[in-house]
Structure formats: structure tokens, C-alpha cells
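A short worksheet on the structure shown next.
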Amino acid sequence: MANSPAKRRLLEDPPPGGAQRIRHGPGEFDFGDLRLPALDPPHAVVILIHGGFWRATYDLEYMGHAADRLTAAGWATWNIEYRRVGHNGRGYSGMLDDVARASEHVASIPGLDVSRVVAAGHSAGGHLALWLATSKRGVRLCGAVSLAGVADLGGAWELGLGNGAVGEFIGGSPRDVPERFQAASPIQNLPCHTPTRLIHGDADESVPVEIAARFEAVAVAAGDDSRLIRMAGAGHFEPVDPDAREWPIVESTIGELLS
């Protein structure tokens, strides 16, 4: 990934404080960071899912910047963690189980409006947000937002994204383990009957915008409410950087889904 100003800000600067870390299970990565707005409950909720090509290199900390800004806009944010490649017991299904379980925990947190929940994820987290929508696992969503997300695992495999990241995550190729791709790839489980928005920079060198365009085309053809929002000149991290010029589009898109 190119070392853009957005990437440097998100990965090098610590996120603002104010989050409450909550555990929801016995596993090492069964936790999330909750932020609540300065408004009377119940609060609409944005589930945030970090990326990093499903690998242990990245964790939920860099999504704290987006979480803080979305909370200031008036929504509760639940920034979740999960096992990744490189962690014990991480098999692809275990990772999906972690994300689903963290999503389900929204219903156990007092003051949250479970009728207004959107999942928004970045990069591999965008894949996981769309997977929540298409798999119907976890809390019921009123929308899913992919921010530079890997919406098509088969297409990402063909392109060799992340130096073989898809194969590491799934544990094989589409030919070797087709049932895993079927279970884990959002594009193979449409229609999902949940609105999906794909916000993607057309200068993204990590996950090409064509991945998102392919998902949109298949989703719309299947009858879903799906829309690709292209960001001219934006790279991989701009869609999740609250200080980037693209951020108001992200915030307004989430707001429309929660309204």
C-alpha cells in the first residue's frame, strides 16, 4: 500500500480517547470499543470493522479515528476486533464467527437502537461488512457500507491482491475449496435484500475499484439496492480518514442508511 498522507495519519497518530472497551466472549479477540454520542438514547449504531487483508498486522486502533467522528455526528459506534491470519484458531470460519458474534452483541448493550444498525468496514473489513449483510449472521442490518472493500473474493484471488491474502484467509484456491468461497464471498450470496453502498477511490492501488463495480452490477441485477460511489483520485485509506476531503460523503451515506 502506498504510504499516503491518509495512511500515515491513521496508522501513526493515536485515535482520540473516550471509548469503552467491552468484552463479549472468552477469546483473546472477543472485544470491541464502544463510543456513545452526547444525546439521549436509544442510539443508532455503526458497527466498524477494520481491515488489513485479514492478517494480524493491523488491529482495530486505526478505525478509532472514524469511530470518534461518527460518534460526534450522533451515532453510537461499535469498533470490533476479531481473530486474523497469524492468530491461533483463526481458520476462516472462526474469523467469520468472531465478526458475527461481535455484531450480535449490539443487542446486549443498553441504550442502542437495534432497529437502526449499519455495518461499515474498510478493506478486508469491507468484505466482512458485506458478508454480514449477505450471510444474515449477527444483528439485523439496515445497511452495509464497504469502504475500499474486497467485495469479491474470487476476483481478488484472480488479481492476486495482497500477495495471496485471499488464499491465506480462505485456506486455498477457488478450485480447491469452492464451498469456502461460496460461504465467505458476498458476491456469491446475492441478493441479500439489505441496502449496500460501496465507497471506493478510483486511484486505489490495493483493492481496485473494479472489484466494487463488479459487486454493484451483480447485486443490482439480482434486485438489490446497491450503489457504487466512486471517489475521483482517492486511494485506499482516504475513504476511512475523517480528515480527508472525501469524508463527508462517507458520513452522509451512513446517515442516509440510518435515517
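The values are calculated or read from the model by the stated rules, or taken from the named source; none is laboratory data. Since the model is a prediction, treat every value here as computed from it, not as a measurement. Cβ sites come from the backbone with ideal geometry, for glycine too, and all protein chains shown count toward neighbours. For accessibility, only protein heavy atoms count, side chains too; no ligands or nucleic acids. Shrake-Rupley method; radii C 1.70, N 1.55, O 1.52, S 1.80 Å.
Given the protein chains as shown and a 1.4 Å probe, how many square angstrom of LEU147 are accessible, to the nearest 10?
So the heavy atoms of LEU147 present about 10 Å² to solvent.
Whole-Hz ³J(HN,Hα) for each residue in the range 159-166, computed from phi via Karplus 6.51 cos²θ - 1.76 cosθ + 1.60 with θ = phi - 60°, x for glycine and proline: what do you get?
7, x, 4, x, 6, x, 4, 5
Just the accessible area per residue of the chain, please: how many Å² with a 1.4 Å probe?
Working: 10110 Å² over 259 residues.
Each residue of the chain exposes 39 Å² on average to a 1.4 Å probe.
Under the rule that an exposed site lies in a DSSP loop and has at most 16 other Cβ atoms within 10 Å, name the longest stretch of the chain with no trypsin sites (Lys or Arg not before Pro) of that kind, not counting the sites themselves.
On the way: sites that count: LYS136, ARG137, ARG140, ARG175, ARG245.
By the stated rule (loop sites, at most 16 other Cβ atoms within 10 Å), 1-135.
Taking one equal scatterer on every alpha-carbon of the chain, how large is log10 of I(q)/I(0) by Debye at q = 0.11, 0.12, 0.15, 0.16 1/Å?
-0.51, -0.61, -1.01, -1.17
Kirkwood Rh and Cα-based Rg: tell me the resulting Rg over Rh for the range 51-177, rounded to two decimals.
0.97
Quick one: of the DSSP bridges fully inside the chain, what percent are antiparallel, nearest 5? Walk me through the numbers on the way to the answer.
Numbers: 8 of 35 bridges.
Around 25 percent antiparallel, to the nearest 5.
State the percentage of accessible surface on the chain attributable to carbon and sulfur atoms; use a 1.4 Å probe and exclude ligands, DNA and RNA.
49 percent
Protein chains only, probe 1.4 Å: how do GLU28, GLU256 rank by accessible area, largest first?
Ranked from most to least accessible, the order is GLU28, GLU256.
Can you pull the Kirkwood radius for the range 1-87, inverse mean 1/r over Cα pairs, to one decimal in Å?
13.8 Å
Across the range 235-248, in residue order, what do the Karplus-derived ³J(HN,Hα) couplings come to in whole Hz, using 6.51 cos²θ - 1.76 cosθ + 1.60 with θ = phi - 60° and x for Gly and Pro?
Computed from phi, the couplings for the range 235-248 are x, 7, 9, 4, x, 10, 9, x, 9, 7, 5, 7, 4, x Hz.
Taking the alpha-carbon centroid of each part, what is the distance from the range 184-230 to the range 7-23 in angstrom?
28 Å
Whole-Hz Karplus ³J(HN,Hα) for the range 215-230, in order, using 6.51 cos²θ - 1.76 cosθ + 1.60 and θ = phi - 60°, x for Gly and Pro?
Each residue of the range 215-230 in turn: 4, 4, 4, 5, 5, 5, 4, 7, x, 7, 7, 9, 8, 8, 10, 7 Hz.
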